[in-house]
Amino acid sequence: MRSKLPDVGTTIFTVMSRMAQEHGAINLSQGFPDFDCPLRLRELVAHYLNDHKNQYPPMTGIPALREQIAAKVLDLYGCHADMDQEVTVTSGATEAIFDAVQATVCSGDEVIVFDPAYDSYVPAITLAGGIAVHIPLALPDFHVDWNLVKDNITERTRLIIINTPHNPSGAVFSAQDMHTLAELIRGREIYVISDEVYEHMVYDGGTHESVLRHEELRQRSFAVFSFGKTYHATGWKLAYCVAPPALTTEFRKVHQFVTFTSPSFIQYAIADFMKECPEHAKELPAFYEEKRDTFCRLISNSRFTFTPSRGTYFQLVDYGAISTQRDAEFANYLTQVKGVAAIPLSPFYEKAPQNTLLRFCFCKDDSTLEAAAEILCKL
Ligand code: PMP
Ligand code: GLN
């Protein structure tokens with residue numbers, strides 16, 4: 001059959017998790033916790049599952065959840081979002097990103113993405129008939145070279161996809177990055193998708209610079225967040241998009257025909273949990289910073305070199321002192337022979353640079369991190 005995505009294979013997350021399972025490796029590849037989500041939240045889900053909340057909820061998400069989302073973005077980012085016109089609940093951030101791309105990109109439109117780019121962006125652009133314009137993040141700290149962005153903006157640029165905190169590098173945008181982005185798109189019909197699924201994972205006293213804090217950017221942006229990350233429940237695939245009314249109108253036209261809506265009982269449960277336990281999200285940076293520190297301490301005597309991650313629940317390491325293999329080969333070797341699975345970076349690039357970096361996920365129980373580190377320190 002003719003392929004609409006001839007260059008796309010199976011996502012690296014599925015490939016590496018499957019390989020980890022087949023070889024009995026400790027899985028520090030795909031990003032998901034190996035500990036459970038909060039007990040109270042599970043109780044609420046069970047309650048609503050058994051309380052007749054099993055039919056179609058509203059297409060935009062249940063009001064109680066949209067109300068909590070609006071309260072959250074006001075509290076954290078000083079953003080006044082209208083829950084009816086500007087907040088939409090989706091089936092994962094993946095769906096929200098897909099919807100926003102389909103809503104904005106027409107055939108021949110250019111979309112700027114920063115490599116390494118989360119792997120769902122480019123296929124979504126391609127399916128919309130758009131052209132991905134890849135701009136590499138600058139090494140060693142994966143910052144955006146805004147002059148390069150300026151040079152790549154054309155009459156056909158319709159969208160820029162940013163991701164902060166950044167998967168896989170852990171880099172975070174500064175307020176200055178946001179100001180520069182706003183300046184670059186001022187007066188042009190360019191929209192922004194701001195993938196902020198790791199909003200609560202910024203370390204060392206840093207601040208998450210949401211587009212929602214920046215009034216001018218907010219008016220052009222689809223800000224995307226995921227309950228999967230915040231509540232340790234990646235399998236529930238529940239997320240949301242905050243965007244101004246005109247953008248939300250177009251977004252919903254797509255959303256209603258991609259998934260229409262998302263599981264009702266989980267929406268009710270999360271709405272209650274957000275209200276009952278606001279401290280959960282507020283405590284996340286410290287919770288994950290400790291995990292990062294534990295992992296970094298555990299591998300500090302290994303031959304991997306690294307700079308502690310500034311955000312996300314991923315740690316990049318350089319294995320150059322251990323092997324000269326390419327990253328995918330080394331990740332396969334590490335998984336199949338040594339028993340620890342990691343994610344190579346090359347699948348997130350149009351043209352991968354010749355370096356020796358791997359991504360480890362540290363949102364795991366300490367016992368998992370200890371078992372993995374014991375192996376990693378022997379390499
Ligand atoms: N964006 C980034 C940067 C991610 O890392 C992920 C997944 N972990 C997603 C989007 C998708 O999130 P979800 O599981 O809510 O679809
Ligand atoms: N976002 C997760 C990661 O980066 C994986 C999501 C997925 O498997 N689709 O590991």
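The values are calculated or read from the model by the stated rules, or taken from the named source; none is laboratory data. Values in this document were obtained by computation on a predicted structure and should not be read as measured data. Cβ coordinates were reconstructed from backbone atoms using ideal geometry, including for glycine residues, and neighbour counts include every protein chain displayed. All accessible areas refer to the heavy atoms of the entire protein, side chains included, with ligands and DNA or RNA removed. Shrake-Rupley method; radii C 1.70, N 1.55, O 1.52, S 1.80 Å.
Mind counting the residues in the stretch 29-44 that are out of contact with any Ser or Thr (no Cβ under 8 Å at 6 or more places or on another chain) and open to solvent by less than 20 Å² (accessible area, probe 1.4 Å)?
3
Please count how many residues of the stretch 202-250 are surrounded by fewer than 20 Cβ atoms within 10 Å (Cβ to Cβ) and of a type in the set (S, T, N, Q).
Of the residues in the stretch 202-250, 4 are surrounded by fewer than 20 Cβ atoms within 10 Å (Cβ to Cβ) and of a type in the set (S, T, N, Q).
So is S323 exposed (fewer than 15 other Cβ atoms within 10 Å of the Cβ) and farther than 20 Å from F13 by Cα or not?
Spelling it out, it is not the case that S323 is exposed (fewer than 15 other Cβ atoms within 10 Å of the Cβ) and farther than 20 Å from F13 by Cα.
Which of the residues spanning the stretch 25-64 are part of a loop (DSSP other than H, G, I, E, B), small (G, A, S) and over 24 Å from H166 (Cα atoms)?
Passing the criteria: A25, G61.
Filter the helices (runs of 4 or more DSSP H) completely within the stretch 173-260 down to those with at least 1 residues that are away from ligand 2 (no atom under 16 Å from the Cβ) and touching a Phe, Trp or Tyr at 6+ places or on another chain (Cβ under 7 Å).
The qualifying helices (runs of 4 or more DSSP H) are 175-185, 245-258.
Checking L65 against (1) among the aliphatic types (A, V, I, L, M); (2) farther than 27 Å from K282 by Cα; (3) open to solvent by less than 30 Å² (accessible area, probe 1.4 Å): exactly one of these is not met. Which one?
Of the numbered conditions (1) among the aliphatic types (A, V, I, L, M); (2) farther than 27 Å from K282 by Cα; (3) open to solvent by less than 30 Å² (accessible area, probe 1.4 Å), the odd one out for L65 is (2).
Output the residue which, of all residues in the stretch 83-119 that are part of a loop (DSSP other than H, G, I, E, B) and in contact (Cβ under 8 Å) with a residue 60 or more places away in the chain, is nearest to ligand 1 (Cβ to nearest atom).
It comes out as Y118.
Name every residue in the stretch 20-41 that is more than 14 Å from ligand 2 (Cβ to nearest atom) and in contact with a Phe, Trp or Tyr (Cβ under 9 Å, 6 or more places away or on another chain), in order of residue number.
Across the stretch 20-41, the qualifying residues are C37, P38, R40, L41.
Need pairs with beta-carbon distance below 8 Å; first residue farther than 21 Å from E374 by Cβ and among the acidic types (D, E) and within the stretch 9-36, second more than 10 Å from ligand 2 (Cβ to nearest atom) and assigned to a loop (DSSP other than H, G, I, E, B); sequence gap 6+ or separate chains.
D36/H232
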